[in-house]
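The structure appears right after this line, and notes come after that.
None of the figures in this text is laboratory data; all of them are computed from the coordinates on show. In this text the structure is predicted, and so the values were computed from the model without any measurement.
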């Protein structure tokens with residue numbers, strides 16, 4: 001999870017650093033790393049980040065079921081991991097929590113049978 005200070009982003013010219021790393025990898029015929037956004041981002045943002053307070057972000061909700069008080073107090077619930085609640089393999093205990101935040105009238109969600 002990332003939260004960006006756009007003034008600091010511009011001041012440190014992160015966009016240029018990121019794009020330079022992408023070009024360097026392209027010029028090497030992707031010998032530096034496989035196509036992915038994570039390696040250049042880790043390099044471009046090195047020493048420019050600060051950790052979020054743990055209570056602010058609850059990751060891994062597709063990997064494990066956290067304590068219920070964490071679900072209630074976290075500002076952001078991150079359904080990362082393979083057992084996402086909208087999949088058949090997802091944790092049924094988290095499915096209702098996830099459904100609370102859906103727009104049931106959304107046509108795309110209805111056509112994908114994500115909502116009833």
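Computed values, structure above
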{"read-out": "Measure of compaction for the stretch 57-111 (Cα Rg per 2.2 N^0.38 Å)", "value": "1.15"}
{"read-out": "Added length on full extension, which subtracts the Cα-Cα distance from 0.36 nm per residue, residue 72 to residue 43", "value": "7.0 nm"}
{"read-out": "Stokes-Einstein translational diffusion, the chain - Kirkwood Rh over all Cα pairs, 0.692 mPa s, 37 °C, in µm²/s", "value": "190 µm²/s"}
{"read-out": "Relative contact order %, the chain, counting alpha carbon pairs below 8 Å whose residues are six or more apart", "value": "15 percent"}
{"read-out": "Nearest-ten-degree value, helix 14-27 long axis tilted from longest Cα axis of the chain", "value": "80 degrees"}
